[in-house]
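First the structure, in the form of structure tokens, and then the observations on it.
The values are calculated or read from the model by the stated rules, or taken from the named source; none is laboratory data. Only a predicted model underlies this, so the values are computations on that prediction, with no experimental measurement involved. When we count neighbours, we look across all protein chains shown, and the Cβ atoms used for this are built from the backbone with ideal geometry, even at glycine. For accessibility, only protein heavy atoms count, side chains too; no ligands or nucleic acids. Shrake-Rupley method; radii C 1.70, N 1.55, O 1.52, S 1.80 Å.
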Amino acid sequence: MMLQSLSGKWQMYAIQDKDRVITGNIPGSVYSFMLENKLMDDPFYRDNELKALGLMENDYVFFRQFSVTSELLSNDEIQLQCLGLDTLCDISINDIPVGHADNMHRTWTYDIKDLLHAGTNTIVLSFPSPLRFIKEKDAQWHVGGSTESMRGFPHLRKAHCMFGWDWGPRLPDAGIWRDIRLAGISHATISDMFVTQKHENGKVFLTVNVSKTKNATVRLFLEDPEGNSKELSEGIPFEIQNPQLWWPNGLGKQPLYTVTAELQETGSTVAVQKKRIGLRTLTLTREKDKWGEKFCHCVNGVQFFAMGADYIPEDNILSRITPKRTKKLLRQCVLSNFNVIRVWGGGFYPSDDFYDCCDEMGLVVWQDFMFACANYPLDYAFEDNITAEIEQNVRRIRHHACLGLWCGNNEMEEFARVYGYDGNEGTKATYIRMNEHIIPHILHRVDPNTPYWPSSPSSGGSFDEPNDPNRGDVHYWEVWHGEKPFSEYRKYYFRYVSEFGFQSFPDMKTIKSFTLPEDHNIFSRIMEMHQRNEGANGKILAYLSQTFPYPTSFEKLVYASQLLQALAIQYGVEHWRRNRGRCMGAIYWQLNDIWPGASWSSIDYYGRWKALQYFAKRFFVPVLLSCEEYGECQAKTSIITEPTGPVPTRARLNISNETKKTATGLVHWYLRNANSTVIEQGSIPVEILPFSAAYIADLDFHSTDFLDNHFQYELVRDKEITSSGSVLFTAPKYYHFQDPRISLEVSGNAVQVSSSCFAKCVEIYSDEDDFVLDDNFFDMERGKRIIHIIEGTPRKLKARSIYDIR
């Protein structure tokens, strides 16, 4: 096969303004071309989104000339392969129509040999307005969908969030978002290669089947992680000697094997295809138990607790999502002890680089199909379109070691059950047909080996209580949307929480990137423009009023919001990990941002870690020591109706061991006052079995002075503190914090932090530089501790703690 890329320099114009022709780079889009040529303002700055949205009322044409050689023309067939067209597109070559595309999630291939000639040729791709299309379709057939998005969005197989979501703007770009190329074909080609593995009695048998376009000899080779190669026979199970198993992050290594298929004609190799695989079984366990029905991932026979977050598209302008950027984001997940990442269904199927990274890093992927929060116009044409979309993406992704689960959609079963999103009686039938017939039937043909789950949340389908806390997965939003206190998490044990979250504002440097100083009020027009969950800034303030003193500056309010978010998610995760076995997953919403603004993310648009990401690194640590405290907040006493007096104060310590080995160590605990003076203390030798959780102490402090005293705990293993923390027995706003007078001293990649007393949620930050530390937003007692810089070169470091929220 001869490949000739058509990516690179293209030209573009709006049909409504044909005289203004501009040049840009493909992969690219209307917005990327306009930004390259300085013809539009940054759509993320202030309220420029509104002007950028208006641009998409127009139709756009992308075109270029390309040269065709006689050598290319000598091929029996020449294909135009479009790996990503966003979204409605009419294609012509040399003024002759080639075809029409209407799904950004598909690869579109056209036979164009008869349209080409030697020398210079011209290709034209016309993109009609997506806004006009969905408006016209919605007027004809209103199927309904998420109210944060533009009406009619379900009619177009385009990333739904490009039409707006409750964490992102309305920027429905258009263009050529993945590679576009010519393929000259004269010999046999590989149309598909399917690798299956069977594990039994410690042995692994590999079977490879190859689909090809012509008669040709197939040769197959297997290369092990050390580079040793052996030849296989097509369709015949091959026993792998001394198989090296692939494990999720934290449970073992990620050795990868390479399967290579070669097609040979008359002794010459005419086509090659490679797949990297990991040897593992990765199933979904749904055993009945005393609480209902278990729901958990099982790798190589080991049931593990899923720890991670939900992933959304990294940018509204897709050409800015690079392999380097994605790899950095996923590495930060590994650094934070993730073992699972859920790809949410309202974006797009990530590139091969995403799954390659997850293979290499041990991140199990919960993969939604691209259907979310909508009803769909399921006529025959729509069914044919999504069938091709699903088949293509399943064939592309199915061999990856990281693939743990296919999921039909996001939040559709729950809402279709009660006719949500402006649905009706027919909505339920359409939902069942799509998610319990069409999709599973495709998977039965194309990937019968990967578990399928009909929706998230779900209890297994057929509208059988999709958010049942005792079966399947749940989305729990009473903390945040329901405005319940953090303590509400402890009322529920769930089997697997695939969505729960809490919002915060991003780093001040990020806020400054889209605001002017006069915008620095959370109720300003610009701050609310960059907050797409209606009324959420007020919700942050309401939760803040329950937790912290009133911040006297915008910057302190931003800091406090991040602490609220981190403390909320910590409250839930630690509770569910303490109940490991009953609950087997905590995937928080959300990992990343699509633009700069307030949201549920733990890493903001510019890759800056919020407090939550540092907290996640601690509460996802494989061997976790956590504390279930009981004090004024849990007792729900009121200083108005019940004047402050004796309050029962308790601390229950728990260790969760998410490793293959028995965890041994020594737990030290201390009851201290605000000056860090020890009032009571104790030590507990611990030995916790693999993949288990156990309470190791229930301490009653006999109504201690909860306004002056706090509880500190730490787990020491091999002479190193591996998990630690502290809890208050009252709301932080009432605790009698003293000024810790924190000082910092930098030496090389180490920062020495000194505090004169107890300091909670110490943040080390800089107004100028970005960096990542091995710990941040941490608690410390009087004394010193060393923090290491693992990324960046920070200058002019500062520090603050909860004491400074005043």
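Before moving on, here are some points about what is shown:
- Label-point separation in nm, N25 to D708, each point 7 Å along Cα→Cβ: 6.4 nm
- Members of K327/K796; K198/K294; K327/K760; K324/K798; K214/K324 lying beyond 27 Å, as alpha-carbon distances in this model show: K327/K796; K327/K760; K324/K798; K214/K324
- Charging the Cβ of each Asp and Glu at -1 and of each Lys and Arg at +1, and nothing else, the dipole of segment 270-382 about its Cα centre rounds to 380 debye.
- Dipole magnitude (debye, nearest 20) for the chain, charges at Cβ of Lys, Arg, Asp, Glu: 1300 debye
- Taking each residue as 0.36 nm, the span from H437 to K135 lengthens on full extension beyond its C-alpha to C-alpha distance by 105.8 nm.
- In this label model, K38 and Y550 are separated by 4.6 nm, measuring between points 7 Å along each Cα→Cβ vector.
- Nearest-ten-degree value, helix 380-397 long axis tilted from longest Cα axis of the chain: 70 degrees
- In a fully extended conformation the segment linking N201 and K796 would gain 208.3 nm over its present Cα-Cα distance, using 0.36 nm per residue.
- For C298, solvent-accessible area (1.4 Å; no DNA, RNA or ligand), Å²: 20 Å²
- What you get for segment 1-152, charging only the Cβ of Lys and Arg (+1) and of Asp and Glu (-1), is a dipole of about 240 debye around the Cα centre.
- Other residues lying with their Cβ under 14 Å from the Cβ of Q65 contribute a combined charge of +1, Lys and Arg counting +1, Asp and Glu -1.
- Compared with the alpha-carbon gap, the fully stretched path from Q81 to A731 is longer by 228.0 nm at 0.36 nm per residue.
- Within the full protein context, the accessible area of M412 is estimated at about 10 Å² for a probe radius of 1.4 Å.
- Using the Cβ-Cβ distance between S513 and T266 with R0 set to 41 Å, the FRET efficiency works out to roughly 0.10.
- Equivalent-ellipsoid semi-axes of segment 282-353, from the Cα gyration tensor, Å, largest first: 30, 14, 10
- Mean shadow area of segment 642-758 over all directions, Cα convex hull, nm²: 9.5 nm²
- Rel. contact order, % - alpha carbon contacts under 8 angstrom, at least six apart, the chain: 9 percent
- Calculated on C-alpha atoms, the gyration radius of segment 74-176 divided by its Kirkwood radius gives an Rg/Rh of 1.09.
- Burial order of peptide ranges 334-343, 92-101 (average beta-carbon count within 10 Å, highest first): 334-343, 92-101
- Rounded to the nearest whole Hz, the Karplus-based 3J(HN,Hα) values (6.51 cos²θ - 1.76 cosθ + 1.60, θ = phi - 60°) of segment 322-330 follow the sequence 9, x, 4, 5, 5, 4, 4, 4, 5, with x at glycine and proline.
- Using R0 = 41 Å, the C-beta based FRET efficiency linking D114 and F194 works out to 0.80.
- Its relative contact order, with pairs defined as Cα atoms under 8 Å and 6+ residues apart, puts segment 84-215 at 20 percent.
- Here r is the Cβ-Cβ distance between L541 and N749 and R0 is 51 Å; the resulting FRET efficiency, rounded to 0.05, is 0.85.
- Model label sites at L73 and R652, defined 7 Å from Cα along the beta-carbon direction, differ in position by 8.0 nm.
- The calculated P(r) of segment 571-611, using every Cα pair and 5 Å bins from 0, goes 6, 23, 23, 14, 14, 12, 8, 2 in percent.
- Segment 529-615: translational diffusion in µm²/s, Stokes-Einstein, Kirkwood Rh over Cα pairs, 25 °C, 0.890 mPa s: 174 µm²/s
- Across the chain, Cα-Cα pairs more than 34 Å apart make up 54 percent of the total.
- For Y734, solvent-accessible area (1.4 Å; no DNA, RNA or ligand), Å²: 80 Å²
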